[in-house]
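Only the coordinates and a few stated rules stand behind these numbers; no lab work does. The shown structure was predicted, so the numbers you read here are calculated from the model rather than taken from an experiment. Virtual Cβ from ideal backbone geometry, glycine too; neighbours counted across all protein chains shown.
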Amino acid sequence: MPASVLIVEDERIIALGIQKRLTSMGYSVAGLAANGPDAVRKATDLRPNLVLMDIRLEGEMDGIEAAARVRGQLELPVVYLTANSDPETLRRAKITEPYGYVLKPYEDRDLQTAIEMALYKHEMERRLRENERWLAATLGSIGDGLIAIDEGGRVRFMNGLAEQLTGWTAVDAQGRPVEEVFPIVSDRTRALVTNPALEALRTREPAAIAEGTLLLRRTGGELPIDDSAAPISDANGRIAGAVLVFRDVTERKRLEEHLRQAQKMEAVGRLAGGIAHDFNNIMTVIGGFSELILSGILPPSEVREHLQEVKAASERAAALTRQILAFSRKQILLPCALNLNAVMRDTAGMVRRLIGSHIEFTTEADPLLGPVTADPTQITQVLMNLALNARDAMPRGGRLTVRTSDLRLDEEAAPPIPGLKPGRYAVLEMTDTGSGMTEEVKNKIFEPFFTTKGSHGTGLGLSTVYGIVRQSEGDIEVASAPGRGTTFRVYLPVSEPLPDPRAAEGGRPSDRGTETILVTDDDAGVRRVITMLLAQKGYVVIDASSGPEALELARAHAGPIHMLLTDVVMPGMSGGELAQAVVPVRPGIKVMFVSGYTEDALVERGLAESTAAFLHKPFTAEVLTRLVREVLDRPAV
């Protein structure tokens, strides 16, 4: 059944408009309410799945007070739909714990996204409560797994649930060492963990295992468990054995993961405001300088200067997008063989400007550093974000040192970070003499949206760094103490350099050509830019604004078409569908996909397996023409 929504809006025409939009989206409208008391009454009588609430309502009870009553009495999710965004309204609305906040005017997709996020979060919370009650009742009725051992650490008793969880029968386990019947390992290192029952025997004190411990079952497989043990004393006070109580926490971990997902969806809503603010600043720069240029009254030198400002603003927009995608770990990487010394050298000037003259900045490069395979733009972003973090920790000045080193970790050596595999690593280390961090703060710094900078911080910087490092198959550690500064160390595995196609040609290949390229994009501006850039390099360009139009041109064009360059996400026919239709019509045609939307199914699943190339928006003219030339020069498959 479709989700039912109660609309609370005091202007009937607007309410009817919302009703029509919700119906077209597939929702069921439970009813309309024009004031606060009517909203509470209808919510009680109709019990909708969600309440869409305008904040400003006629009468003594406004939308915020009505939402508070609906949430308190009925536990229904409320999404505010309003034009009010002043701080005081937001403060009052926040107290009611809304599930969403959509500002007028809005697009249908914004409203639908807010509703779906609210319904999902509410359902997850309901399931979590139900599962917690069910789990408590189940454990109360059947008990935990229980194993009793004697003073020598041998099994004397197992209950039915212990048999089920371990895969051992009580008969077979009788008299065997407890570590054989109950083998446990760390889920990160896979190393054996000391059995808490034996620990209780040794220390004569209760013992427990660490979080993230797995039970290796006799029948195969492994279970995440939570357990504890206590010594058993006889009548004379001597230790006669120990009892081990344990449980399977698979379901709990699954529920925790669902809750984290719901929290992440909620965080997306909080993120939207900051993104809008940054993009509005960027668009203000682009729009303002564009108007100055178009005015025609500027001398050529100033036109060039203003164009550089527009270009810089566009690069800031691209960097912001990359930061968001890196945070979500959905960014498409363009890895290459690079040396961290070169990255450190190339970014030194930017770092100096970023941190200011009140901070002394030095670099130390290890000449024996091996190459790593990573995205150079992302590694630059790591450096800049760490430098920003260091600058904020030294408001009165200090010293910032960036150094590289070569680490060779063999099988016997203890890794600097638990779980770091043996091998050779290039280490990037950044040390500041700032205020340092407490242990509590240090344990949270890589969490998204965690910040110690109040309203001045987004909490995305270090979580972005962590996401980038993990995407690059590396790891990161931090050492810090209050008043003693902070050191970040990034470990990236050393790899063989990727082959450089220019080496075989003895220099940089030409990016010019005479081939015919079919360009397809539903955005006229993007299509025009690509067409002009390629035409400048000598290519013959045929352009189409949609998939069907491109397919018709592919069929009708009299001469050869050497490449299809298409956007991925287009209305009606996607780029993937277009490519599948064009290839049979034009056998041997090369395909290049262009998109800035990494969630598309072609990108998520098909791109890694496809022989087609992919160009990520935004791109520069150099990147476009170079990749087009490389794809055209590839041998046919």
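Observations on the model:
- Note, ³J(HN,Hα) from phi for the stretch 156-165, Karplus 6.51, -1.76, 1.60, rounded to Hz, x at Gly and Pro: 10, 8, 9, 8, x, 5, 5, 4, 5, 6
- Label-point gap, in nm, between ALA235 and GLU97 - each point 7 angstrom along Cα→Cβ: 5.4 nm
- The stretch 507-633 - percent relative contact order, Cα under 8 Å, separation 6 or more: 25 percent
- Peptides 189-196, 336-343, ordered by how many other C-beta atoms sit within 10 Å of their residues on average, highest first, read 336-343, 189-196.
- For the stretch 395-410, putting each phi into the Karplus relation 6.51 cos²θ - 1.76 cosθ + 1.60 with θ = phi - 60° gives couplings of x, 9, x, x, 10, 10, 10, 10, 9, 10, 8, 9, 10, 10, 10, 8 Hz, in residue order, rounded to whole numbers and with x for Gly and Pro.
- A Förster distance of 35 Å, applied to the separation of the beta-carbon atoms of ALA210 and MET25, puts the FRET efficiency at 0.15.
- Calculated FRET efficiency for the pair GLU11/ALA556, C-beta based, R₀ 51 Å, to 0.05: 0.45
- Prolate/oblate/rounded call for the stretch 143-248, Cα gyration tensor, a/c under 1.5 rounded: oblate
- Residue-count net charge about THR82 - beta-carbon cut-off 11 Å; Lys, Arg +1, Asp, Glu -1: -2
- Approximate spin-label separation LYS311-THR189, in nm, with each point projected 7 Å along Cα-to-Cβ: 5.3 nm
- The loop-placed GluC sites (Glu not before Pro) in the stretch 29-116, going by DSSP, that have at most 16 neighbouring Cβ atoms within 10 Å of their Cβ come out as GLU60, GLU75, GLU107.
- Calculated FRET value between ARG252 and SER290, using beta carbons and R₀ = 56 Å, to 0.05: 0.50
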